[in-house]
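I have placed the structure first, in the form of structure tokens, so that the comments after it can refer back to it.
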Amino acid sequence: MGEVVQMFNQISKRYDLINRVLSLGMDVGWRHQLARATAATGAKHVLDVATGTGDVAIALARAGISRVVGVDPAQKMLAIGREKLVRAGVADHVELVLGSAESFPFPDGAFDAATISFGIRNAANLDQAVSELCRVLKPGGTLFVLEFSTPGHPIIRLGWRAHLRLYVPLVGGLLSGDFNAYRYLNRTIEAFPSGEAFLGHLSAAGFTQTKTTPLCLGAVSIYEGRRPVNT
């Protein structure tokens, strides 16, 4: 995990630019859709995990969430995020703290909802991270996970894999100066247990009412799970 954190610290200054280029600008809309879905639950106190430079945390605050706590293990990403909070005018509503998904410094049932955007696949222990997310939610609280997934249609899947294996490492490497970082991105996306397999991990951690909403022809998905009311 230490090497992954170091990698994100190294690419932090160009991280936002590279996200826009690699997703052709679509990642902004995906994150806003995630924030709107979270706000629609009526949540007032939300945890944003793998917050990075704070894009989702800012979107949550702008969507009407009164208190957002963003957590990330990469200090340089958080430093950029804090500057962005001030520029966005939401610094009074968002707190960014250093931490990892496998062990949060929060008590049980601390949050109405939790989000994690393009970060769950980086967890050193996926099941432990999902269990921690369930633990810190209030009974009845909802988890929203925005993550890359594998398209079901074979032709779309072929094009998506070509994008991951050729375009992403080349362009990401050129823009960041770190080709290994974007080869890592490709590997983690393809290895991630997307779709029904990931819903199985949510269920095993105790989440109920799990579902997935495909975006971008199935290349990205929003996963949802609810902590049972009686826990």
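A few points about this structure:
- Exactly one residue out of G52, G42 is farther than 19 Å from G140 by Cβ, in a loop (DSSP other than H, G, I, E, B) and in contact (Cβ under 8 Å) with a residue 40 or more places away in the chain: that is G52.
- Among the residues of segment 174-184, some residue qualifies, meaning at least one is modelled with pLDDT of 90 or more, surrounded by fewer than 21 Cβ atoms within 10 Å (Cβ to Cβ) and not small (G, A, S).
- A124 meets the conditions (1) in contact with a Leu (Cβ under 6 Å, 6 or more places away or on another chain); (2) in contact (Cβ under 8 Å) with a residue 60 or more places away in the chain; (3) of a type in the set (A, V, I, L, M, F, W, C); (4) part of a loop (DSSP other than H, G, I, E, B) in every case but one. The failed one is (1).
- Restricting segment 5-37 to residues that are closer than 20 Å to A74 by Cβ and not in a helix (DSSP H, G or I), the residue that is nearest to the chain's Cα centre (by Cα): S23
- Any chance A110 is surrounded by 15 or more Cβ atoms within 10 Å (Cβ to Cβ) and either aliphatic (A, V, I, L, M) or in contact with a strand residue (DSSP E or B) (Cβ under 9 Å, 6 or more places away or on another chain) (or both): yes
- Across segment 85-121, the number of residues qualifying as under 13 Å from the mean Cα position of the chain (by Cα) and assigned to a helix (DSSP H, G or I) comes to 2.
Residues checked against (1) touching a residue at least 40 places away in the same chain (Cβ under 8 Å); (2) outside any helix (DSSP H, G or I); (3) of a type outside the set (G, A, S); (4) touching a Lys or Arg at 6+ places or on another chain (Cβ under 9 Å):
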{"site": "V130", "(1), (2), (3), (4)": "yes, no, yes, no"}
{"site": "L146", "(1), (2), (3), (4)": "yes, yes, yes, yes"}
{"site": "T150", "(1), (2), (3), (4)": "yes, yes, yes, yes"}
{"site": "R161", "(1), (2), (3), (4)": "no, no, yes, no"}
{"site": "Y167", "(1), (2), (3), (4)": "yes, no, yes, no"}
{"site": "L170", "(1), (2), (3), (4)": "no, no, yes, no"}
{"site": "L174", "(1), (2), (3), (4)": "no, no, yes, no"}
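The values are calculated or read from the model by the stated rules, or taken from the named source; none is laboratory data. Everything numeric in this text was worked out from a predicted model, so none of it was measured. All Cβ positions, even for glycine, are placed from backbone atoms using ideal geometry, and neighbour counts span all protein chains on display.
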